[in-house]
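Values in this text are rule-based calculations from the coordinates and carry no lab data. Quick caveat, the model's predicted, so the values are computed rather than measured. Because the Cβ atoms are built from the backbone with ideal geometry, glycine has one as well, and the counts that use them run over all protein chains shown.
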Amino acid sequence: MTQNTVVRFAPSPTGYLHIGNARTALFNALFALKHHGQFVLRLDDTDTVRSKEEFAEAIKQDLQWLGIGIDRLEKQSARLERYNEVAEKLKAEGRLYPCYETAEELDYKRKRQAARGQPPIYDRTGLHQSQAEREKLESEGRKPHWRFKLDGKSVIWNDLCRGDQSVDTSSQSDPVLIREDGSYLYTLPSIIDDIDFGVTHVIRGEDHVSNTGTQIEIFETLGAKPPVFGHHNLLTTADGEGLSKRKGALSLKSLRESGLEPMAAASLATLVGTSHAVQPVASLKTLAELFDLDSVSRAPAKFDPSELNTLNAKLVHDMPFKDVAERLSAFGIDADETFWDAIRGNIEKLSDALMWWQIIQGPIEPVIDEDDKDYIMTAKDNLPSDHWNEETWGIWTGILKEKTGRKGKKLFMPLRKALTGLSYGPEMPVILKRIGRQEALARLSG
Ligand code: GLU
């Protein structure tokens, strides 16, 4: 398995990806990483009305943001000729047959079956019609949709997430592969692509489990070895509702634009609903080493967006300066390692660094309480004048301690408030050094 592993992520570009879609993308990407395989992005854009270039672009950017490299990019809309070629072959073999029922007629049949206590399986009227009957229907202006003739047998597969699975296709209707207007439903193009692109593993949401039996039959009919399947549980909102593009579930685009760390999204999307603890993981590589598809739970997993912030803060706190230097300077922060080390424990998002930078740069509104006025005056008079460095704070507060008898919070807090305008924040030695003597004097003067 180590050599030729090929996986694909196959979204339709009809909306922005949400965190549940990210889960599918990541499971594929991590699997490819682990097995040194290839990751194919396949845009299922045969629905020309709802597919939009804008969404396709956002999907690519989302994957890039998550750190997922695309080894191959394919668009179904560019492959219609190939699908037609295979469809013609299946028609010639009698595996794809025309059906002329309207939606109302099919609905009526199902209702009649229900009334008789029969399962709603298509009765194959179309399969048994003669050429003359078909021609007559066409002359009345009817156009066929096309169904795949199932063998009707027990199809088994060993699912990477769910273990042994079996589906009896004799309990299923022959699936419609081509609509009346000649457009393809998702099934046939997907299978043809999986075959043509050498996809070895299909990892997707469990909403596709029920399609897998018929899909395996179609793979076999086309003379191909079916890929290995893995169907993972789905993410739901806190009240158990499915995430959906159409309902505007939190999009990856909005997360990325909000300045979230991609690994916060990736860690949560991957680890929630598995036997692993949800924890911040710093890279996809580490996540790939940690994670296995058989650790995915069977039950749907509740996803709490507020966990993203907690994970994000933990990731940011652990980031070394070299990993953030460029991004900080893009925010206009002229940071060095000591600045970063001083503030990183105080921020949730990297962009919060800007707030501390602005506090250092000023202007700020110093806060000097009435009963600290004399103390701050003394502090100002005793501000060391030379060797302005990170030891200055210690030397200064040492002098003040001796002169005023203040200690602990009473010694430090008034200084912090006068110098930063806030009663909390990073370690003062670095802040004071960064503020500089002149500005410190000004702030102590109110
Ligand atoms: N376009 C399909 C979907 O998003 C792909 C399903 C599959 O992975 O086979 O549901």
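If you fit an axis through the alpha-carbon atoms of helix 306-317 and take the longest principal axis of the Cα set of the chain, what angle between them do you get, 0 to 90°, nearest 10?
The helix 306-317 is inclined about 50 degrees to the chain.
Taking loop as defined by DSSP and a crowding limit of 12 other beta carbons within 10 Å, which chymotrypsin sites (Phe, Trp or Tyr not before Pro) in the range 374-446 fit?
Values: sites: Tyr375, Trp388, Trp393, Trp396, Phe412, Tyr424; in loops: Trp388, Tyr424.
Taking the range 374-446 and a limit of 12 other Cβ atoms within 10 Å, the loop chymotrypsin sites (Phe, Trp or Tyr not before Pro) found are Tyr424.
Name the chymotrypsin sites (Phe, Trp or Tyr not before Pro) in the range 93-180 that are in a loop by DSSP and that have at most 15 other C-beta atoms within 10 Å, would you?
Values: sites: Tyr100, Tyr108, Tyr122, Trp146, Phe148, Trp157; in loops: Tyr100, Tyr122.
Within the range 93-180, no chymotrypsin sites (Phe, Trp or Tyr not before Pro) qualify (loop, at most 15 other Cβ atoms within 10 Å).
Relative contact order for the range 354-446: what percent, with Cα pairs under 8 Å and sequence separation of 6 or more?
Details: 96 pairs, mean separation 40.7, N = 93.
After rounding, I find 44 percent.
Could you work out which residue, out of Gly240, Gly273, Gly67, moves most in a Gaussian network model of the chain, that is, has the largest mean-square fluctuation with Cα springs under 10 Å?
Gly240
Among Ala335, Ala115, Ala418, which one shows the biggest mean-square fluctuation in a GNM of the chain, springs joining Cα atoms closer than 10 Å?
Ala115
Go ahead and set up a Gaussian network model of the chain, Cα springs under 10 Å, then flag whichever of Arg79, Arg110, Arg344 fluctuates most.
Arg110
Among rounded, prolate and oblate, which fits the range 356-404 when a ≥ b ≥ c are the square roots of the eigenvalues of its C-alpha gyration tensor, a/c under 1.5 means rounded, and a/b larger than b/c means prolate?
Values: a/c = 2.43, a/b = 1.10, b/c = 2.20.
Oblate, because a/c is 1.5 or more while a/b does not exceed b/c.
Rounded if a/c is under 1.5, else prolate if a/b beats b/c, else oblate: with a ≥ b ≥ c from the C-alpha gyration tensor eigenvalues square-rooted, which is the range 104-206?
Details: a/c = 2.56, a/b = 1.47, b/c = 1.74.
It comes out oblate by the Cα gyration axes.
Could you grab the relative contact order for the range 233-338? Cα pairs under 8 Å, six or more apart, rounded to a whole percent. Before the final figure, lay out the partial values.
Values: 103 pairs, mean separation 33.3, N = 106.
For the range 233-338, the relative contact order is 31 percent.
Estimate the FRET efficiency between Ser139 and Ala238 by the formula 1/(1 + (r/R0)^6), using the beta-carbon distance for r and 56 Å for R0, to the nearest 0.05.
On the way: r = 57 Å, r/R0 = 1.02.
E(calc), rounded to 0.05, equals 0.45.
In whole Å, how far is the Cα centre of the range 24-96 from that of the range 360-391?
Taking the Cα centre of the range 360-391 as reference, the centre of the range 24-96 is 62 Å away.
Over the chain, calculate the relative contact order: mean separation of alpha carbon pairs under 8 Å at least 6 apart, over the residue count, as a percent. The partial results should precede the final answer.
Working: 663 pairs, mean separation 61.2, N = 446.
It rounds to 14 percent for the chain.
With a ≥ b ≥ c the root eigenvalues of the C-alpha gyration tensor of the chain, is it rounded (a/c under 1.5), prolate (a/b larger than b/c) or oblate?
Numbers: a/c = 3.42, a/b = 3.25, b/c = 1.05.
The shape class here is prolate.
Among DSSP beta bridges lying fully in the chain, give the percent that are antiparallel, nearest 5. It would help to have the intermediate numbers written out before the result.
Details: 16 of 32 bridges.
Rounded to the nearest five, the antiparallel share is 50 percent.
If exposed GluC sites (Glu not before Pro) are those in a DSSP loop with at most 14 other Cβ within 10 Å, what is the longest stretch of the chain that has none? Intermediate values should be presented prior to the final figure.
Details: sites that count: Glu93, Glu140, Glu241, Glu391.
The reported range is 242-390.
Are there trypsin sites (Lys or Arg not before Pro) in the range 121-160 that DSSP marks as loop and that have at most 15 other Cβ atoms within 10 Å, and which are they? Mind dumping the intermediate values first?
On the way: sites: Arg124, Arg134, Lys136, Arg142, Arg147, Lys149, Lys153; in loops: Arg124, Arg142, Lys149, Lys153.
Taking the range 121-160 and a limit of 15 other Cβ atoms within 10 Å, the loop trypsin sites (Lys or Arg not before Pro) found are Arg124, Arg142, Lys153.
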